[in-house]
1. For all pairs of alpha-carbon atoms in region 3-83, what percent lies in each bin of width 5 Å, listed from the first bin to the last filled one?
2. For residue 57 and residue 184, what is the calculated FRET efficiency with R₀ set at 41 Å and r taken between the beta-carbons, to the nearest 0.05?
3. Points 7 angstrom from Cα along the Cβ direction at residue 25 and residue 3: gap in nanometres?
4. In debye, nearest 20: dipole of region 3-83 around its Cα centre with unit charges on the Cβ of K, R (+) and D, E (-)?
5. Starting with the fewest neighbours, write out 28, 36, 101, 136 ranked by other beta-carbon atoms found within 10 Å of each beta-carbon.
6. Ranking 153, 164 by Cβ neighbours within 10 Å, fewest first, what do you get?
7. What full-extension length gain, to one decimal in nm, is calculated for residue 135 and residue 36 as 0.36 nm per residue of separation minus the Cα-Cα distance?
8. Need the full-extension length gain, residue 65 to residue 142, defined as separation in residues times 0.36 nm minus the C-alpha distance. One decimal, nm.
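Throughout, read-outs are computed from the coordinates displayed, never taken from laboratory work. Not measured: the values here are computed from a predicted model. All Cβ positions, even for glycine, are placed from backbone atoms using ideal geometry, and neighbour counts span all protein chains on display.
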Amino acid sequence: MDARHYYWDEPYLYKRGPDSIYRRCIAEEDVQGVLEHCHGSAYGGHFATFKTATKVLQSGLWWPTLFKDAASYIAKCDPCQRKGGITKRDEMPLNPILEVEIFDVWGIDFMGPFKPSSNGHNYILVAVDYVSKWIEAIPCPACDAKVVIKLFRTIIFPRYGIPRVVISDGGSHFINKVFEKLMKSYGVKHKVATPYHPQTSGQVEVSNRQIKGHIGEDCELH
């Protein structure tokens, strides 16, 4: 846990999100009540995982396993079960037969180099969920396997559960024994995008362009 992203305001702990908004951290015993309100109430509207989790964030609340807990809660929601179609589905690129759930398929890629930050970070490792288009990104000083491992062990796995597929390019920071061992130990398929099928990693490339646009705007402002 990076203490720089948290602050204590009696009696609550707050965390700053990627959007720079501080949200109150929710205790484990309060999670059920928050999900009931943000999914099952008139305010919630029985929407799917991503929209339910978004409503929680819009309410100014947060906890580390928010998306995973929302998916589990909705899977057990009786009205949603009876109505059917409890989660949004989408097709995985280049395979119209395989249907995937939210957070089943992640695309990963490095961005940079940028002008070094005060911490010496001049790259960003980006992960994009193919269904919800949700983005996770961490700054880093170099493109290496250690950063990739950190992303999955500290962010993707604990917050969103174990994915079915991870898509990347053929860089050595993704194609190595350490990352291969991690993926294999969790039963995750690692799919490598090739120059012949660049659209395989298209979602993360689109997200990278959007992030670069925001970075450029921030640089102009500062």
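1. 3, 15, 27, 23, 15, 9, 5, 2, 1
2. Values: r = 33 Å, r/R0 = 0.81.
After rounding, the FRET efficiency stands at 0.80.
3. Computed distance between label sites residue 25 and residue 3 equals 1.2 nm.
4. On the way: 11 positive and 9 negative charges, 80 e Å.
The calculation lands at about 380 debye.
5. Working: 28 9, 36 13, 101 20, 136 17.
The fewest-first ordering by Cβ neighbours comes to 28, 36, 136, 101.
6. Details: 153 12, 164 15.
So the ranking, lowest neighbour count to highest, is 153, 164.
7. Values: separation 99, 0.36 × 99 = 35.64 nm, distance 2.52 nm.
Length gained, residue 135 through residue 36: 33.1 nm.
8. Details: separation 77, 0.36 × 77 = 27.72 nm, distance 2.78 nm.
Gain on extension, residue 65 to residue 142, equals 24.9 nm.
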